[in-house]
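K.L.:
Below: one structure in structure tokens.
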Amino acid sequence: MPAKFTVSPVGAFTDNYIWVLHHSGRAVVVDPGEAAPVFAFLEREGLQLEAVLLTHHHADHIDGVAELSARWPDAPVYGPADIALVSRPVMDGARVELSFGAALVLEVPGHTLNHLAYVIDDALFCGDTLFGAGCGRLFEGTPRQMHDSLAKLAALPNATKVYPAHEYTLANLRFALTVEPGNPVLAIRMSRDLKLREQNLPTLPSTISLERASNPFLRAHEPAVRQSAAHWSGQALDEVVEVFAALREWKNRF
């Protein structure tokens, strides 16, 4: 059995989370866009860097890697092959062996073409693909790619904890309530997450079960979501990917 690890959020910039997985003095860092807060956390907790996991190439996810690698040159950096800082490129289906278990690599294009996610035990680290009640913008991929990537993540076990890289949940919930105002799960989630943010606490992790019940981008097949998207777009939307594309465009302008 894999060892049970702790996941801690390290804040960066205005709304990034750098997730640190740690157990028995060793740490794995996901998407370190800044080095300084990671250094501070590792020193405070007495942790040695074991590895870095990168989901995609945007600067707010990788700009701290060089400094971390200079301090811990033997710690491998896993991620997409298009990132020069990656020492061990990985692809869909690969398993990254860590001291406390193995990370399954999933390719989830959409936000970027080479975006990856990592599943470790019951935890999903999904970068900018899946957010709390939302999903990433389509900077490089197509609506079909992102829809299919989200469907891949939604097929994970319901209890899977979801660790996105940004604190976007409240803004996403406001949009979700506009799309599906009759969804009771959204009202409950908004009330809970407002209280968390008032205390400066993360709204994350979420769960796959909660996302399936309240995230409009995972609910493009639902009649109420389709009707809202069609009304906003002013046209009939027969295919689920058309609904998804309309939702994403609506959110871009929201």
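K.L.:
Examine segment 119-135 for a residue that is surrounded by fewer than 22 Cβ atoms within 10 Å (Cβ to Cβ), closer than 23 Å to A246 by Cα and touching a helix residue (DSSP H, G or I) at 6+ places or on another chain (Cβ under 6 Å), and state whether such a residue exists.
P.N.:
No; the residues of segment 119-135 include none that is surrounded by fewer than 22 Cβ atoms within 10 Å (Cβ to Cβ), closer than 23 Å to A246 by Cα and touching a helix residue (DSSP H, G or I) at 6+ places or on another chain (Cβ under 6 Å).
K.L.:
Within segment 77-86, which residues are more than 11 Å from Y118 (Cα to Cα), surrounded by 15 or more Cβ atoms within 10 Å (Cβ to Cβ) and not aliphatic (A, V, I, L, M)?
P.N.:
If the condition is that a residue be more than 11 Å from Y118 (Cα to Cα), surrounded by 15 or more Cβ atoms within 10 Å (Cβ to Cβ) and not aliphatic (A, V, I, L, M), then P80 is the only one that fits.
K.L.:
Still on this model: Please tell me if V179 is buried (at least 22 other Cβ atoms within 10 Å of the Cβ) and out of contact with any strand residue (DSSP E or B) (no Cβ under 6 Å at 6 or more places or on another chain).
P.N.:
It is true that V179 is buried (at least 22 other Cβ atoms within 10 Å of the Cβ) and out of contact with any strand residue (DSSP E or B) (no Cβ under 6 Å at 6 or more places or on another chain).
K.L.:
Only one of these is surrounded by 15 or more Cβ atoms within 10 Å (Cβ to Cβ), over 28 Å from T14 (Cβ atoms) and either out of contact with any strand residue (DSSP E or B) (no Cβ under 8 Å at 6 or more places or on another chain) or aromatic (F, W, Y) (or both): A155, A229, A224. Name it.
P.N.:
Exactly one of A155, A229, A224 is surrounded by 15 or more Cβ atoms within 10 Å (Cβ to Cβ), over 28 Å from T14 (Cβ atoms) and either out of contact with any strand residue (DSSP E or B) (no Cβ under 8 Å at 6 or more places or on another chain) or aromatic (F, W, Y) (or both), namely A229.
K.L.:
Quickly run through segment 87-123 and pick out the residues that are under 14 Å from V29 (Cα atoms) and part of a loop (DSSP other than H, G, I, E, B).
P.N.:
S99, F100
K.L.:
If only one of L49, L68 is in contact with a helix residue (DSSP H, G or I) (Cβ under 8 Å, 6 or more places away or on another chain) and part of a strand (DSSP E or B), which one is it?
P.N.:
Testing whether each residue is in contact with a helix residue (DSSP H, G or I) (Cβ under 8 Å, 6 or more places away or on another chain) and part of a strand (DSSP E or B) leaves just L49.
K.L.:
Can you name the residue in segment 197-221 that is in contact (Cβ under 8 Å) with a residue 60 or more places away in the chain and in a loop (DSSP other than H, G, I, E, B) and, of all such residues, is surrounded by the fewest Cβ atoms within 10 Å (Cβ to Cβ)?
P.N.:
Applying the first criterion (in contact (Cβ under 8 Å) with a residue 60 or more places away in the chain) to segment 197-221 yields 202-206, 208, 211, 214-218, 220.
Pick out the ones that are also in a loop (DSSP other than H, G, I, E, B) and you get 202-205, 215, 220.
Working: P202: 15, T203: 22, L204: 22, P205: 20, N215: 27, A220: 25.
So the residue we want is P202.
K.L.:
Let me ask you something else. Condition first: of a type in the set (S, T, Y) and in contact (Cβ under 8 Å) with a residue 60 or more places away in the chain. Now tell me which residues in segment 161-188 satisfy that.
P.N.:
Passing the criteria: Y163, Y168, T178.
Residue-wise test of (1) farther than 22 Å from R189 by Cβ; (2) at pLDDT below 95; (3) among the β-branched types (V, I, T).
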position: E97; (1), (2), (3): yes, no, no
position: F100; (1), (2), (3): yes, yes, no
position: P109; (1), (2), (3): yes, no, no
position: G136; (1), (2), (3): no, no, no
position: E140; (1), (2), (3): yes, no, no
position: D148; (1), (2), (3): yes, no, no
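K.L.:
While we're on this one: Only one of these is among the hydrophobic types (A, V, I, L, M, F, W, C), more than 13 Å from the chain's Cα centre (by Cα) and crowded, with 17+ Cβ neighbours inside 10 Å: L53, L49. Name it.
P.N.:
Details: L53 fails: more than 13 Å from the chain's Cα centre (by Cα).
After ruling out the rest, the residue left standing is L49.
K.L.:
Looking at (1) outside any helix (DSSP H, G or I); (2) modelled with pLDDT of 95 or more, which is the one condition that is false for R192?
P.N.:
(1)
The values are calculated or read from the model by the stated rules, or taken from the named source; none is laboratory data. Predicted model, so just to flag it, every value in this text is computed and none were measured. All Cβ positions, even for glycine, are placed from backbone atoms using ideal geometry, and neighbour counts span all protein chains on display.
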